[in-house]
Structure formats: C-alpha cells, structure tokens
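Colleague: If you scroll down you'll find the structure; I have some questions about it.
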Amino acid sequence: MRAPNYPLACALAEAGWNNSETARRINTLAKQRGHCGVAVDRSRVSRWIRHGEKPRAPVPELLTDLLTRQLRRPITPDHLGIGPSRNVLIVLEPREHHALATNAAAVNMPVEHYAQALLRLALTNTTAPRS
C-alpha cells in the first residue's frame, strides 16, 4: 500500500469537490473529449487519495484540466502526485538510515516522504539562481 496522496486531497478540498463530484466532473469531461473508456466513481477517487493509487491516462490530464479551470492557476499531474513515477534507489549505510528514520519519526512522517522532502529541498537549493 502506498501513502495517502495529500496534494490531491488538498486540491480537491480547495476546489470544494467531494469524491462523487470529482468523479462526475472527470466522466463528463472525458465524454466531451471522446474518451469512451473512462468510468470513474467515488470509490476510485477515494483510492487515489487514501491509498496513493495513480489514475490511468487520460484521467490525470482530465483532472488537471478541471482543477486548473476551477482553481484559476496551472495544475499539473506532478502537483497532484499523480504524474508518472520516477523512482530513485539510494543506498544508505545503516547509521545513515537510522538517522533518516529517527528524523522522520520526529516530524511524524513516513521515511519515504521525509527522504523525498529532503531531496526536493536540496535540489531546490542547488537549482535556484544565485546572486
């Protein structure tokens, strides 16, 4: 089981949509665009949020288009945690893993999420324009 998808949950809450409303909107837009194989229901949306499942194409595109319109700002599948997976394997020494796990527990985060946050912070700090 994957971790909950908090970015998606927050975006849907900001839009004011529950799982049923989200599913209805996706299905309507899919039909308008000629995607006859799309049939999303509230339980599927719930699994995306609660279990971190990722919807299959074309749903990520449909959902981001809907939320971009509703929230009046650009939304991408990556913003919602439903973009394509890009796994990276990092081998840690036992003491490094222990330190990572200890710090993650201190901030009440799963180790994987804590490691992702650290990596994103490091990448942001190294790719930012320097004065």
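Colleague: Fully extended, how many nm does the chain gain between residue 108 and residue 28 (0.36 nm per residue separation, minus their Cα-Cα distance)? Write out the running numbers ahead of the final one.
Modeller: Numbers: separation 80, 0.36 × 80 = 28.80 nm, distance 3.88 nm.
Roughly 24.9 nm would be gained on extension.
Colleague: So for the pair residue 73, residue 57, with labels modelled 7 Å out along Cα→Cβ, what separation do we get in nm?
Modeller: 2.8 nm
Colleague: How much FRET efficiency would the formula 1/(1 + (r/R0)^6) give for residue 42 and residue 93, where r is the Cβ-Cβ distance and R0 is 41 Å, rounded to 0.05?
Modeller: Plugging the Cβ-Cβ distance into 1/(1 + (r/R0)^6) gives 0.35.
Colleague: Taking amide hydrogens as modeled 1.01 Å from N in the peptide plane, which residues meet the under 5 Å criterion relative to residue 35, leaving out close sequence neighbours?
Modeller: For residue 35, whose amide H was placed from the backbone, there are no distant partners under 5 Å.
Colleague: Return the Cα extents of segment 6-71 along principal axes one, two and three, sorted largest first, each rounded to a whole Å.
Modeller: On the principal axes, segment 6-71 reaches 30, 24, 17 Å in Cα extent.
Colleague: While we're on this one: Step through the residues of segment 70-79 one at a time and calculate ³J(HN,Hα) from phi using the Karplus curve (6.51 cos²θ - 1.76 cosθ + 1.60, θ = phi - 60°), rounding each to whole Hz and writing x for Gly and Pro.
Modeller: 5, 8, 6, 7, x, 10, 10, x, 5, 4
Colleague: Quick one: Karplus J couplings for segment 87-102, per residue in order, coefficients 6.51, -1.76, 1.60, θ = phi - 60°, nearest Hz, x for Gly and Pro?
Modeller: 7, 10, 9, 10, 8, 10, 5, x, 5, 5, 5, 4, 4, 4, 5, 5
Colleague: Right, something else. Could you tell me how many degrees, from 0 to 90 and to the nearest 10, lie between the Cα long axis of helix 111-127 and the main elongation axis, the longest principal axis, of the Cα atoms of the chain?
Modeller: Tilt of helix 111-127: around 90 degrees.
Colleague: List, in order, the whole-Hz ³J(HN,Hα) value for each residue of segment 52-63 obtained from phi through the Karplus relation with A = 6.51, B = -1.76, C = 1.60 and θ = phi - 60°; use x for Gly and Pro.
Modeller: Each residue of segment 52-63 in turn: x, 5, 10, x, 7, 4, x, 4, x, 5, 4, 5 Hz.
Colleague: Sticking with this structure for a sec: Go through 15-26, 81-92, 107-118 and give me the packing order, highest mean Cβ count within 10 Å leading. Display every interim value, and only then the final one.
Modeller: On the way: 15-26: 17.2, 81-92: 9.7, 107-118: 13.5.
Order by mean packing, descending: 15-26, 107-118, 81-92.
Colleague: Another question, then. For a quick check: with amide H placed at 1.01 Å from N, whose amide H comes under 5 Å from residue 40's, ignoring anything fewer than 5 positions away on the same chain?
Modeller: Close amide H contacts, sequence-distant or interchain: 27.
Colleague: So how far, in whole Å, is the C-alpha centre of segment 64-85 from the one of segment 6-40?
Modeller: That distance is 11 Å.
Colleague: Please list the non-local residues whose amide H lies under 5 Å from the amide H of residue 83, H modeled 1.01 Å from N, same-chain partners needing a gap of 5 or more.
Modeller: It is 78, by chain and number.
The numbers here are math on the coordinates, done by the rules we state, and not lab data. None of the values given here were measured: they were computed from a predicted structure. Ideal geometry is used to build each Cβ from the backbone, glycine not excepted, and the neighbour counts take in all protein chains shown.
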